[in-house]
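Quick notes on the structure that follows.
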Amino acid sequence: MELRHFTSVHSLAQYDFNNNNNLECVDCQNITSTGAYFAKSCPKIHLYFKNIVTLSSSAFFDFNGILIEIGDKCTNLKRSSMYGSVQRLVCHATTPPTVASDDNYSFSRTIAGIYVPDESVDDYKAAFAWSRKASRIYPLSSYPYPDELLYLEH
């Protein structure tokens, strides 16, 4: 199942897509906020957030999807927002989004690859919390599946 262009929806509530094994692609281009666990246990999902500014606490807690693509407006990851498993995380922000200073759970589960703007790779590798996954941070130009990205300018 594919959901695209939520033109009148601007937030996702807690557990909105929870345990949905059929959901594969969700284009959340107008979503600016999310609830906790909103996509918990969605194993085939690709999520696209073009205009998100802040990822809520526990937004991807126990997430186990394939791809999360975050647009260039994201500036903040709340506590435990990325505590889940995802094969690929793409963040288009040239400045690494800040992470809560007391957050011991950011990126603490499996992320196979984090892809960021080429000019920002070193900044991400040095940034708090992002640095824990420095060996998995790559330039966006090396992304292996560019056709699955919605916000990459081809």
- Item | Positions within the range 121-154 being surrounded by 14 or more Cβ atoms within 10 Å (Cβ to Cβ) and among the hydrophobic types (A, V, I, L, M, F, W, C), in sequence order | VAL121, ALA127, ALA129, TRP130, ALA134, ILE137, LEU140, LEU149, LEU150, LEU152
- Query: Which one is farthest from PRO97 (Cα to Cα) among residues in the range 121-142 that are of a type outside the set (A, V, I, L, M, F, W, C) and in contact with a helix residue (DSSP H, G or I) (Cβ under 8 Å, 6 or more places away or on another chain)?
  - Reply: SER141
- Message: With the structure loaded, tell me whether LYS40 is in a loop (DSSP other than H, G, I, E, B), farther than 21 Å from VAL116 by Cβ and basic (Lys, Arg) or whether it fails that test.
- Response: yes
- Message: Among the residues in the range 61-75, are any more than 11 Å from the chain's Cα centre (by Cα), buried (at least 19 other Cβ atoms within 10 Å of the Cβ), part of a loop (DSSP other than H, G, I, E, B) and among the hydrophobic types (A, V, I, L, M, F, W, C)?
- Response: yes
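Is it true that LYS73 is of a type in the set (D, E, K, R) and at pLDDT 80 or above? Reasoning before the result, please.
Details: of a type in the set (D, E, K, R): yes; at pLDDT 80 or above: yes.
Yes.
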- Total residues in the range 81-90, condition surrounded by fewer than 23 Cβ atoms within 10 Å (Cβ to Cβ) and assigned to a loop (DSSP other than H, G, I, E, B): 1
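Name the residue that is nearest to TYR143 (Cα to Cα), counting only residues in the range 36-60 that are surrounded by fewer than 17 Cβ atoms within 10 Å (Cβ to Cβ) and of a type outside the set (A, V, I, L, M). Outline the logic, then answer.
Quick first cut of the range 36-60, residues surrounded by fewer than 17 Cβ atoms within 10 Å (Cβ to Cβ) only: 41, 43-44, 51, 53.
Now narrow it down to the ones that are of a type outside the set (A, V, I, L, M): 41, 43-44, 51.
Details: SER41: 25, PRO43: 21, LYS44: 19, ASN51: 21 Å.
Selected residue: LYS44.
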- Examine the range 22-29 for a residue that is at pLDDT 85 or above and closer than 21 Å to LEU150 by Cα, and state whether such a residue exists. no
- Hey, ASP103 closer than 20 Å to SER41 by Cα and modelled with pLDDT under 80 or not: no
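The values are calculated or read from the model by the stated rules, or taken from the named source; none is laboratory data. Not measured: the values here are computed from a predicted model. Using ideal geometry, Cβ is built from the backbone for each residue, glycine included, and neighbour counts are taken over all protein chains shown.
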